[in-house]
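Here's the structure we're looking at; comments come further down.
The values are calculated or read from the model by the stated rules, or taken from the named source; none is laboratory data. Note that this is a predicted model, so its numbers are computed, not measured. Cβ atoms come from the backbone with ideal geometry, glycine included; neighbour counts cover every protein chain shown. These area figures cover heavy atoms from the full protein model, side chains too; ligands, DNA and RNA do not enter into them. Shrake-Rupley method; radii C 1.70, N 1.55, O 1.52, S 1.80 Å.
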Amino acid sequence: MAALVLSAAGAAAGNTVFGPAGAIAGRLVGALAGNAIDRALFASRREISQEGPRLADLEVMASTEGAPIPRVYGRARLSGQVIWATNLEELVATTSQTTGSGGGKGMGGGSAVTTNTTTYSYFANLAVGLCEGPIGTVLRVWADGKPLDLSGLTIRIYAGDEMQTPDPLIVAKEGGAPAYRGLAYVVFERLPLANFGNRIPQMSFEIVRPVGRLEQMVRAVTLIPGATEFGYAPETVVQKLGPGQSAPENRHITYAPSNVIASLDELQSVAPNVERVAIVVAWFGTDLRCDQCRVMPGVDNRQKQTYGGTWSAAGLDRATAHLVSNVNGRPAFGGTPSDQSVRDLIAELKIRGLKITLYPFLMMDIPAGNTLHDPWTGAASQPAYPWRGRITCDPEGRVDRPTGLLVRERRSAPFSVVAPTSGIIVRWFCTTPRCRQMPVVSMPF
Amino acid sequence: MSVLRQDIVAETRRWIGTPYRHQASLKGVGCDCLGLVRGIWRAVIGDEPERAPPYAPDWAEATGNESLAEAATRHLIATPLADIAPGDVLLFRWRANLPAKHAAIVTTSDLMVHAHDGAAVAEVAIAPWWRRRLAYAFKFPGVIR
């Protein structure tokens with residue numbers, strides 16, 4: 001009651017002194033003061049209702065009738081036209097909190113205050129027409145100029161070919177829908193609007209439409225980097241930095257769960273005829289002298305803690321594997337891909353209908369300033385990070401020019417899609433005739 | 001008891017337009033994706049074999065159990081994904097590491113009927129978006145042709 005009276009009085013006073021803006025300020029001041037008096041006067045068993053911000057209008061933005069359909073060549077960023085939308089969906093949530101009842105904690109008692117808080121959240125269903133199809137794919141999406149994280153969102157991309165079928169959401173909402181054949185479009189289902197001030201954000205889309213002939217001719221690619229602990233993991237892996245702090249190991253984009261998935265999506269949309277992927281998997285050699293050289297899987301950090309995947313290769317864990325050397329305080333190489341990440345990637349490639357080549361690779365982790373005898377020059381120190389082809393079995397390499405390493409594959413069981421088992425054993429040999437009997441290490445996959 | 005696939009499809013299509021209601025199963029009034037399958041079971045087979053447990057809209061995600069697929073295995077006959085035919089029940093999983101939690105009924109070789117969350121029962125194409133998420137397929141017991 002006092003709130004009402006004082007609010008009106010405050011508005012009148014404010015209006016007189018400062019005009020309309022003063023009236024609003026005055027109303028606020030009056031209402032606050034009145035509320036305090038109300039609380040003092042009627043302190044027992046009251047109910048307060050609070051309402052969160054609520055939209056007055058659930059209509060969505062207009063779209064232009066008769067706007068031209070763009071035609072994209074290569075890669076372009078477009079904002080598109082809203083071709084279908086429902087009214088915004090409103091989700092009402094009410095929470096209730098009672099304080100001070102029964103005089104707990106010796107606060108006097110008798111005055112129970114129940115606060116009912118109602119919050120409103122909003123969701124949008126909309127389809128955005130982009131350009132003439134067929135396109136390769138849509139990669140990044142920006143909402144209000146910022147990259148939109150697509151993980152957890154339901155978004156369906158139609159490339160605009162002549163075979164595409166109507167969107168299930170539009171069909172379910174309208175009872176029937178065109179397929180918009182020949183039009184590339186995107187459907188957002190229940191897009192949460194809380195991050196955009198409860199309105200549909202201005203969106204733009206990175207569209208890839210390959211038109212060159214070279215892309216059509218690509219049949220096989222080699223996937224790098226070979227030295228990456230989790231770079232091949234299809235699911236997100238994060239590094240724990242401290243309590244409540246983490247950093248992504250393998251996800252630096254917003255439109256896929258991991259970098260490798262984003263790369264494969266882009267690869268297959270740009271070069272649709274790719275059939276085969278060679279996965280480079282790097283292990284580390286420690287010496288140019290074959291009899292001294294150890295070939296081991298390596299890690300870039302002994303202490304790193306990760307979620308979403310734990311590093312392990314050939315039965316070694318982070319504590320027992322080779323630790324790669326440092327240059328200026330940073331690891332000279334990424335680690336060896338975790339065996340599980342390679343298996344998961346193979347399964348992912350199989351689902352995509354791609355054939356796989358395992359491409360074992362050797363990197364020489366010999367830092368500068370080492371005390372290893374150089375078999376080529378007789379120097380007391382081997383050159384820093386030499387080429388792997390310089391490994392030699394001969395302490396006097398100059399006499400018998402050795403060749404590099406031979407990789408032998410043995411396939412003992414076919415990969416299965418669901419759980420690729422250890423199917424390939426890779427053995428490293430020195431190819432110099434005198435010592436080729438010596439397998440250095442096995443890489444089990 | 002024998003069941004014809006065309007009878008399942010005909011009954012399924014009678015549900016089109018039923019609004020989406022979580023946990024409901026009443027033709028023309030409201031149903032969710034499981035309610036649709038339950039309603040068709042009642043129409044073509046008979047009383048429901050078990051009472052559906054309570055479940056939340058995001059049910060099974062917290063526990064990670066394949067509750068829906070396990071229940072389907074108890075009462076329906078699993079079929080290979082390559083052999084789906086009209087009248088079969090499809091289960092979908094939204095993400096690779098989550099349990100299957102959506103159901104639909106095949107009506108033609110490339111159409112299905114399902115209850116779309118937040119909308120209604122509708123007949124839609126089994127587009128690549130769905131096929132990528134297809135996890136299980138089942139046929140009703142007693143289906144002869």
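For B:LEU111, enumerate residues with amide H under 5 Å from its amide H, sequence gap 5+ or separate chain, H modeled in the peptide plane.
When sequence neighbours closer than 5 places are left aside, the close amide H contacts are B:ILE126.
Regarding the stretch A:272-381, what are the three Cα extents along the principal axes, ordered largest first, in Å?
51, 32, 26
For the stretch B:1-65 and the stretch A:206-276, what is the separation of their C-alpha centers, rounded to whole Å?
40 Å
Can you spot the lysines whose alpha carbon is less than 18 Å from A:LYS240's alpha carbon? Ignore those fewer than 8 places along the same chain.
A:LYS304
Give me, ordered by chain and number, the residues 5 or more places off B:VAL121 or on other chains with an amide H under 5 Å from its own placed amide H.
B:GLY17, B:THR18, B:TYR20, B:HIS116
To the nearest 100 Å², how much accessible surface do chains A and B cover up together, summed over both, with a 1.4 Å probe?
On the way: alone 23770 and 7470 Å², together 30160 Å².
It comes to approximately 1100 Å² buried between A and B.
Would you compute, for the Cα atoms of the stretch B:1-98, the largest minus smallest coordinate along each principal axis and list the three values in descending order, in whole Å?
Rounded to whole Å, the extents work out to 36, 33, 23 Å.
Excluding residues on the same chain fewer than 8 positions from A:LYS146, give the aspartates and glutamates whose Cα lies under 18 Å from its Cα.
Correct list for A:LYS146: A:GLU206.
5 Å is the cut-off here: which amide hydrogens, built 1.01 Å from N in the peptide plane, fall below it relative to B:GLY87, excluding neighbours closer than 5 in sequence?
Amide H to amide H, under 5 Å and 5 or more residues apart or across chains, B:GLY87 pairs with B:VAL106, B:THR107.
B:PRO57: net charge of surrounding residues, Cβ under 9 Å, Lys/Arg +1, Asp/Glu -1, itself excluded?
Surrounding charge for B:PRO57 is -3.
Could you report the stretch A:296-342's accessible area per residue, 1.4 Å probe, as an integer in Å²?
Values: 2250 Å² over 47 residues.
Using a 1.4 Å probe on heavy atoms only, each residue of the stretch A:296-342 averages 48 Å².
From the square roots a ≥ b ≥ c of the eigenvalues of the alpha-carbon gyration tensor of the stretch A:291-340, which class results: rounded (a/c under 1.5), prolate (a/b over b/c), or oblate?
oblate
Report the FRET efficiency, 1/(1 + (r/R0)^6), for B:VAL29 and B:ALA96, where r is their Cβ-Cβ distance and R0 is 25 Å, rounded to 0.05.
Details: r = 35 Å, r/R0 = 1.40.
After rounding to 0.05, the efficiency reads 0.10.
Which residues does a label at A:ILE224 reach in the stretch A:311-335, if reach means a backbone N under 18 Å from a point 7 Å past the Cα toward the Cβ?
Only A:332-335 fall inside the zone, counting backbone N under 18 Å.
Express the carbon and sulfur contribution to the solvent-accessible surface of chain B as a percent, rounded to the nearest whole number, probe 1.4 angstrom.
Values: 3670 of 6920 Å².
Carbon and sulfur atoms account for 53 percent of the accessible area of chain B.
Within straight cross-link reach of B:LYS101, meaning Cα distance under 20 Å, which lysines are found once same-chain residues fewer than 8 apart are removed?
B:LYS139
Need the full-extension length gain, A:ASN301 to A:ARG276, defined as separation in residues times 0.36 nm minus the C-alpha distance. One decimal, nm. It would help to have the intermediate numbers written out before the result.
On the way: separation 25, 0.36 × 25 = 9.00 nm, distance 3.22 nm.
The A:ASN301-A:ARG276 span can extend by a further 5.8 nm.
Roughly speaking, what is the stretch gain from A:GLN245 to A:THR114, that is 0.36 nm per residue apart minus the C-alpha to C-alpha distance, in nm to one decimal?
Numbers: separation 131, 0.36 × 131 = 47.16 nm, distance 3.67 nm.
Computed gain between A:GLN245 and A:THR114 is 43.5 nm.
In whole Å and largest first, what semi-axes does the C-alpha gyration tensor of the stretch A:87-201 yield when each eigenvalue is scaled by 5 and square-rooted?
Details: eigenvalues 437, 49, 17 Å².
Square roots of five times the eigenvalues give 47, 16, 9 Å.
Using a 1.4 angstrom probe, figure out how much accessible area chain B has per residue, in square angstrom, rounded to the nearest whole.
Heavy-atom SASA per residue in chain B reads 48 Å².
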